[in-house]
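Note sheet for the following structure.
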Number of protein chains: 2
Amino acid sequence: MAEIQKYLFTLTCREAGAVRGLGGAELHGLLFSLLQDLDPAEATVLHEAPDKPFALGPLTGPGRREKGFLHCESGTHYRFTLSCLDPSMTGLADALAGYWSGMAVRLGTAEFSGEAVEEVYPGGLTYQHLLERPPLPREITLAFRSPTSFRQLGTQIVFPLPERVFGSLLQRWNNFSPLQLHPDLDFSVLLVSRYELQTSLVAFDRYSIVGFTGRCSYRLPPRFPDFLAFQIHALARYAAFAGVGYKVTMGLGQTELVGEG
Amino acid sequence: MAEIQKYLFTLTCREAGAVRGLGGAELHGLLFSLLQDLDPAEATVLHEAPDKPFALGPLTGPGRREKGFLHCESGTHYRFTLSCLDPSMTGLADALAGYWSGMAVRLGTAEFSGEAVEEVYPGGLTYQHLLERPPLPREITLAFRSPTSFRQLGTQIVFPLPERVFGSLLQRWNNFSPLQLHPDLDFSVLLVSRYELQTSLVAFDRYSIVGFTGRCSYRLPPRFPDFLAFQIHALARYAAFAGVGYKVTMGLGQTELVGEG
């Protein structure tokens, strides 16, 4: 099984209804109830893992957004992504994908049926792939496509400080990759060279979370060693799979390196 | 002399020309050459002070902005603000204001003549005034009207982290006010509740500086003591005079509490 894979799930709304926030908590619940049926032992292990080897994108599609809810319309198409960060998670997702078409699914008060599942990277990727790709320019830009934030002792940090962004990616990488990166990389040396960012509020069941979206560019300082630069480049590429920051398993922190497929 | 005053200087362009960036370095140079004529001893003391009791706003007015230059047009009006943070600076600015009208002034390659000087707060304010004003809501919003950033050991921080923003204001306040605020206020407990921010590049003679503009809201945590809250409110009001962060004496860091005169 591939070490890294990203799946695009599509579904059709059969009965109109409302889904809270980005749909992340609903999709997370759906994933675990499907896994519970498929492989109860694996589902329990995964559920109890402090860092989970996947990221779930928001539910996207047409419909009125009001008071923190997306009102899904009957007959329209929706989608979400599931990224898997190790072979066993990819195996589970692959098995799920086999059952998806025609499956009846409830999210919030809306009813859907599963359509297709597509591998975004046919055949999948490995951690080595991410490390072996050609070097990037000295300045790289990340696009934070869904609200992103970082937890910190009872509060949150809602700015893409380099040490938070790349620190979060490094932690996920070293948790799941057979190739370890240097654990003490000092990302605070990265210069924030430009950004355009704004916050928004994502509704969950009993609370809301502030996150930022937009773009932020980071520049390597002069004379930064190449062998460390390529670790940073690998992490920037990893963002599209691992997500960044808090609640990446519930639609937050969807991030992409700008200028790469 | 008032402890705190803000002056609005107006001037008319007599001969078209270009002024670099926000005009901050040019205005800073102009201010010191005028002070040198007026009171050489005071000018020297002020020039050597590590923290200067004033802030200079950018040169604003019509004209094409191109490659980091403002192209000023003959016959059009321009303005800038000078905030003074102690009585001796207010005294100097007052004396300057007496000479301003009709004075021939060069900024970059443009020629101007001084028009009027207006006291934005007739009679001026005191530090006590800022402390005695009614309390603000639990959430306050600062508008960063000119590019703002913070220096940190050879690099810059370009996010309005509460500890940086209010830390910068506290330092200026305690340097110039007869009423001292608690020097160990922990501003990192302020929650960033929302923002909309973007960076831009300000051209100086031999380098450029990245700064952010936009709005950022800060919320006091629950059960935050009132006697500390009112110190934070005073600092938020002080921002309009002191500026925030790096190079406030050269047009950067112009900041205002949103929703107050």
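So, of the residues in segment A:170-193 that are more than 13 Å from chain B (Cβ to nearest Cβ), in a loop (DSSP other than H, G, I, E, B) and in contact with a helix residue (DSSP H, G or I) (Cβ under 9 Å, 6 or more places away or on another chain), which turns out to be nearest to A:P58 (Cα to Cα)?
That would be A:S177.
Looking only at segment A:222-256, count every residue that is more than 9 Å from the chain's Cα centre (by Cα) and part of a helix (DSSP H, G or I) and tell me the total.
Matching residues across segment A:222-256 total 13.
Could you please let me know if B:S146 is more than 19 Å from B:P58 (Cβ to Cβ), small (G, A, S), surrounded by 13 or more Cβ atoms within 10 Å (Cβ to Cβ) and more than 14 Å from chain A (Cβ to nearest Cβ)?
Against the criterion (more than 19 Å from B:P58 (Cβ to Cβ), small (G, A, S), surrounded by 13 or more Cβ atoms within 10 Å (Cβ to Cβ) and more than 14 Å from chain A (Cβ to nearest Cβ)), B:S146 does not qualify.
Determine whether B:Q180 is in the same structural domain as B:F150 (by TED's automatic domain parsing), over 24 Å from A:T155 (Cα atoms), modelled with pLDDT of 95 or more and of a type outside the set (A, V, I, L, M).
Yes: the conditions hold for B:Q180.
Restricting to segment B:151-207, name every residue that is under 30 Å from B:L70 (Cα atoms), hydroxyl-bearing (S, T, Y) and open to solvent by less than 60 Å² (accessible area, probe 1.4 Å).
Scanning segment B:151-207 gives B:T155, B:S168, B:Y195, B:T199, B:S200.
Taking the options A:T81, A:T90, name whichever one is touching a residue at least 60 places away in the same chain (Cβ under 8 Å), out of contact with any helix residue (DSSP H, G or I) (no Cβ under 9 Å at 6 or more places or on another chain), more than 28 Å from A:G17 (Cα to Cα) and of a type in the set (V, I, T).
Of the residues listed, the single one that is touching a residue at least 60 places away in the same chain (Cβ under 8 Å), out of contact with any helix residue (DSSP H, G or I) (no Cβ under 9 Å at 6 or more places or on another chain), more than 28 Å from A:G17 (Cα to Cα) and of a type in the set (V, I, T) is A:T90.
Restricting the search to segment A:148-169, which residues are among the β-branched types (V, I, T), under 18 Å from A:D186 (Cβ atoms) and either assigned to a strand (DSSP E or B) or modelled with pLDDT under 95 (or both)?
Selection gives A:I157 alone.
Kindly establish whether B:R106 is open to solvent by 60 Å² or more (accessible area, probe 1.4 Å) and either under 19 Å from B:I4 (Cα atoms) or out of contact with any strand residue (DSSP E or B) (no Cβ under 7 Å at 6 or more places or on another chain) (or both).
yes
Looking at segment B:126-146, which of its residues are β-branched (V, I, T) and within 22 Å of B:N174 (Cβ to Cβ)?
Of everything in segment B:126-146, those that are β-branched (V, I, T) and within 22 Å of B:N174 (Cβ to Cβ) turn out to be B:T126, B:I140.
Quick test for you: out of B:G29, B:G17, pick the one residue that is assigned by TED's automatic domain parsing to the domain that holds B:F80 and in contact (Cβ under 8 Å) with a residue 12 or more places away in the chain.
Going through B:G29, B:G17 in turn, the sole match is B:G17.
Which of (1) within 25 Å of B:D51 (Cβ to Cβ); (2) in contact (Cβ under 8 Å) with a residue 40 or more places away in the chain; (3) part of a loop (DSSP other than H, G, I, E, B) is the odd one out, the single condition B:G259 does not satisfy?
The single condition B:G259 does not satisfy is (1).
Taking only segment B:32-78 into account, find how many residues are open to solvent by 30 Å² or more (accessible area, probe 1.4 Å), in contact (Cβ under 8 Å) with a residue 60 or more places away in the chain and either assigned to a strand (DSSP E or B) or among the aromatic types (F, W, Y) (or both).
Within segment B:32-78, residues that are open to solvent by 30 Å² or more (accessible area, probe 1.4 Å), in contact (Cβ under 8 Å) with a residue 60 or more places away in the chain and either assigned to a strand (DSSP E or B) or among the aromatic types (F, W, Y) (or both) number 2.
The values are calculated or read from the model by the stated rules, or taken from the named source; none is laboratory data. As the structure is a computational prediction, the values presented were derived from the model and not from experiment. Every residue, glycine among them, receives a Cβ derived from its backbone with ideal geometry; neighbour counts consider all protein chains shown. When the accessible area is computed, the model is the full protein with side chains, heavy atoms only, and any ligands, DNA or RNA have been set aside. Shrake-Rupley method; radii C 1.70, N 1.55, O 1.52, S 1.80 Å.
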